[in-house]
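Contents: one structure, followed by commentary.
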Amino acid sequence: IENARREVERAQRALRERDARRERQEQGPEPRNVRARVTPEQERQVPRQRQVSIESFVHNVRGADLPDPGREPASRRLSAHPEPSEIPLPHNEQELYDQWIITADTIIPEHASIYSDFRQAFGDETDEGQQFREDEIKGIAKVLFDFKRTRQPGQPAILKGREREGKTGALFSIALAAIILRMRVVILCAPNKVAPVVDMVKKIRAAGFGKYWNVRHTLGRRAIMDNDIPSSDVGQIFVAALGTLVDLKKVKQFIQGESRGGHRTVTLIDECDELTQGRGNRTLNVPHREDPGTYQEYIPGHARGEDEEDDDIPTVDPDSRQATRGSRKENIAAASHFFKTELHERTQVFACSATLSGYMLNPVGVLRNDLVTPIFMVYPKPGYRGIKNFVIPEGCDLETEGNLSLDQFKESAAVERMLKRFYSRENVYDGARLEPKDGSRCSAVTLRGMLFISCSPKVNVYGGVADIAKEVCNTVDKWTDVTHDSNATLFVCFVGVPKVRFGNKWLKMPSGASLETIYNRTAQEARKGSIAGVHLGADEPFSNVCKHCVLIGYNLTRRAMTAAFTPADEPSVLCKLQYGILSAPKTLTVDSVSQRYLRMAHDFGDYSVPADYSVEAAMSPVAHDMLTAYREMEDDMVTRQRAQPRIHAEFRQHIQVFTKKLEEVRVSKRNIRLAELSRTGQRAKERREREAMADRDPRFIEFKRWLREDYKQINGQPYDESTRETYCRIVRRLFFDEEEVIEVIVERAEDRVRELNALSRRGPEVQNEYQALKRFVEHRSTRA
């Protein structure tokens, strides 16, 4: 009895502690009696006061009196907002959509830019755009309600948008819908730890989420101070780095903590294909129905095509023991392994990227082959300009195989031609004035072209970014036909810790700083007179002394890097990448190259853009054609799945990899062939290769000549052309190998003739095969 009493008391104490934790989570941190720490921004605004005596210190700690009257206590970390009571809890998709509209209108700042107004991500204000937005939000709502009802995450949803098409706003739209349902939100950024997290937190604040909710993140003290970002110990939104194991462990703690408080968590993965990491040292058992290599086995019998007609491709019941049995995967990277084993089953995932194929081929198995894959899409903006708007001017074809070394960069005529076009601003849209669309709050802007050099992954070694910048200066200074001052060029080297060269001086910038921040900070340094030989008045625009801007980068320019901005001192100017010198590695992975090259793409939002707008690039024509085909394939697969949602196995079956001739192209850091994404068309390709081989075979050529010139029917007439083509197409299948002896080929034809002759009835196709093979056997007998 005594033991039972103690157990009851222990259980009651645990319940009281749990209730107290929940209350603290909802109300935020309790006020403390010690002086709170302040943010860098608050510290600059309020002068620091020293304590004058030990008595005042003791007095303050005991809380017997108010803090110093000359200063309000400020907290370095934000306290948590409680759930806004004025936001009612929706009970169905329509109510959630209506509340989403009301809440978005409330929190988005009145003068937010087109890029911060996330209402535009899923549709503009046209009737078509509003309907598109409603359909997408209601579809997202269905996924969220299913998650809330079942308490189990469903098939990860996919969010698709092209490079530089404003996918962040769409992520914020999903985040708002989840928060309205009293869920919590994790946003995972890629590829590196600092810059994307800084960028995401700033965007969340600019979008107005701070009115009701707090944002937690994984940035360290240095990054917080350098970028003036507040932090919070508690919050409804958690931002972390996707590929960092330490960050993912913090995400797990966040999800578990919120679960104890009764909140489900939705995870938004920005640049989700970065989750498909390179080779690691972990091992994982992936359920058979989640293994990306087994998708064909889950295609129903009625939907199978010729590429599934193989004894080695059985039909597997998704509810069978075989479907749940683990398949051992080797060499899995730590972050991918942790996400799959610790996070995947705890949270509803929305995976976002412009290049989805690498994510779908992740060996850890992120999608079930037997479930429908829901795909949502950023509203296709009429002002978007992408790979189809890239042009290679005359004389700018890069013929070098692989990336450019510094010596190749110096000697390339295509590189020098593009440099001259940039410094002379020969792109017809460099300096063009863009007018806002009717009804837009924007003002007209003038485009100012920048140059993007991305041709070598080297950084602080010979041939790295600094050497490339110096070589551009050397090239410009030696021109005799045109006069340009290389010291008036701003070189932004976008590497781990960004570096800037201007006025023959190198400046360091904070890690995580954006191109816009770097430009404006350099302008401040010029105004302070800290750059020798540069004199800029307080009210003068930086462009008076900075005539050109060159961005040099490679790995860090693939993602999470906005390369268009409006200078702080020229609000009517839009600086935009309009020239490029771009190369690709020999072992090209098309998704990473696409992301890197298309930093030059842009969504012009509320501006009217000429249909023939273009950006100029010195690049390989082969790479250009490959990227164009890849973009078409990715866009087409999304369009097909959205028009007719299918289970994931059938979704992959309909992807046109072989049709676009991309089967040998590779994707992701694991260097996976795109043929693994969809094998549909593989047999047709093999058949075409055999036919091409047969067309070169002298023995088949001789048969075609004999059928055309020598053979006569009973009536003395030769076959007509269509019959000859049909018979040749059938006989062509016999020639598997150019080295195969003719006797084996003839024997194969005779065996088939005997099989067909034994049939009681032969339809038209079988009759054609029978006659074609008989003619071939007859032809060979004439040569015996």
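The values are calculated or read from the model by the stated rules, or taken from the named source; none is laboratory data. Keep in mind that what you see is a predicted model, and the values were worked out from it rather than measured. Please note: Cβ atoms are built from the backbone with ideal geometry, for glycine as well, and neighbour counts cover all protein chains shown. All accessible areas refer to the heavy atoms of the entire protein, side chains included, with ligands and DNA or RNA removed. Shrake-Rupley method; radii C 1.70, N 1.55, O 1.52, S 1.80 Å.
Computed quantities for the displayed model
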item: Long-range HN-HN contacts of Leu159 with modeled amide H, under 5 Å; result: Ala351, Cys352, Ser353, Phe376
item: Segment 87-223: radius of gyration over Cα atoms, expressed as a fraction of 2.2 N^0.38 Å; result: 1.06
item: With DNA, RNA and ligands ignored, accessible area of Arg724 (1.4 Å probe; Å², nearest 10); result: 50
item: Relative packing of peptides 351-362, 260-271 - highest average C-beta neighbours within 10 Å first; result: 351-362, 260-271
item: Gyration tensor (alpha-carbon) shape descriptor, segment 172-220, a/c threshold 1.5; result: prolate
item: Distance between modelled label sites at Tyr462 and Asp312, nm, 7 Å Cα→Cβ extension; result: 4.8
item: Projected area, mean over directions - segment 258-393, Cα convex hull, nm²; result: 13.5
item: Full-stretch length increase - Ala758, Leu507 - with 0.36 nm per residue and alpha-carbon distance subtracted; result: 81.7 nm
item: Distance in nm between pseudo-label sites at Asp539 and Glu401 (7 Å out along the Cβ direction from Cα); result: 6.1
item: Cross-link partners of Lys249 among aspartates and glutamates (Cα-Cα below 14 Å; sequence separation of 8 or more within a chain); result: Glu342
item: Within-10-Å neighbourhood charge of Ile531 [Cβ basis; K, R +1; D, E -1]; result: +2
item: Mean accessible surface per residue for segment 656-784, computed with a 1.4 Å probe while every protein chain stays in place, in Å²; result: 60
item: Calculated Rg and Dmax of segment 416-572 using C-alpha coordinates, Å; result: 16.0, 52
item: Unit charges on C-beta of K, R, D, E only; dipole of the chain, Debye; result: 2620
item: Three principal axis lengths of segment 339-444 [C-alpha, angstrom, descending]; result: 56, 49, 22
item: Part-to-part distance (alpha-carbon centres) for segment 501-540 and segment 183-218, which is given in Å; result: 28
item: For segment 195-297: Kirkwood Rh in Å [reciprocal of mean 1/r, alpha carbons]; result: 16.0
item: P(r) tail fraction, segment 204-260 - alpha-carbon pairs more than 20 Å apart, %; result: 28
item: Cα-based Rg / Dmax (Å) for segment 627-784; result: 21.1, 66
item: Accessible area, probe 1.4 Å, largest first, for residues Glu134, Glu399; result: Glu399, Glu134
item: Reciprocal mean inverse distance between Cα atoms of segment 569-719 - Kirkwood radius, Å; result: 20.0
item: Protein accessible area in the chain, 1.4 Å probe - carbon and sulfur %; result: 48
item: Heavy atoms of His344: accessible area, 1.4 Å probe, square angstrom to 10; result: 20
item: Percent of beta bridges antiparallel (DSSP, the chain, rounded to nearest 5); result: 30
item: Radius of gyration, Dmax [segment 363-500; alpha carbons; angstrom]; result: 20.5, 66
item: Per residue solvent-accessible surface (Å²) - segment 433-546, probe of 1.4 Å; result: 46
item: Percentage relative contact order, the chain, counting C-alpha pairs under 8 Å, at least six apart; result: 13
item: Debye-sum result for segment 486-600 in log10 I(q)/I(0), which assumes one identical scatterer on each alpha carbon, at q = 0.21 Å⁻¹; result: -1.19
item: Heavy-atom SASA rank of Tyr711, Tyr115 (probe 1.4 Å, accessible area, largest first); result: Tyr115, Tyr711
item: Cα-based Rg of segment 659-722 normalised by 2.2 N^0.38 Å, two decimals; result: 1.86
item: Cα-Cα separations in segment 434-511 greater than 21 Å, expressed as whole percent; result: 44
item: Above-threshold pairs, the threshold being 27 Å between Cα atoms, out of Lys381/Lys547; Lys160/Lys203; Lys252/Lys381; Lys167/Lys458; Lys420/Lys458; Lys167/Lys576; result: Lys381/Lys547; Lys252/Lys381; Lys167/Lys458
item: Alpha-carbon spread of the chain, three principal axes, descending order, Å; result: 122, 98, 52
item: Longest to shortest principal axis, alpha-carbon extents of segment 364-407, angstrom; result: 51, 35, 15
item: Whole-Å distance, taken between Cα centres, linking segment 677-734 and segment 251-322; result: 44
item: Whole-number percent relative contact order across segment 612-715, with pairs defined as alpha carbons under 8 Å at least 6 apart; result: 18
item: All aspartates and glutamates inside 12 Å of Lys704 as judged from Cα atoms, apart from same-chain residues fewer than 8 positions distant; result: Asp695, Glu721, Glu725
item: Under 16 Å from Lys148, Cα to Cα: lysines that are on another chain or at least 8 residues apart; result: Lys138
item: Mean projected area (nm²) of the alpha-carbon convex hull when segment 341-389 is viewed from all directions; result: 5.1
item: Residue-level accessible surface for Thr315, protein heavy atoms, 1.4 Å, Å²; result: 90
item: Computed [θ] at 222 nm, deg cm²/dmol, the chain (DSSP H ≥ 4; -39,500 (n - 2.57); rounded to nearest 500); result: -12000 deg cm²/dmol
item: Anisotropy class of segment 718-775 from Cα gyration tensor, a/c 1.5 cut; result: oblate
item: Which of Glu632, Glu689 is most accessible, then next, and so on - probe 1.4 Å; result: Glu689, Glu632
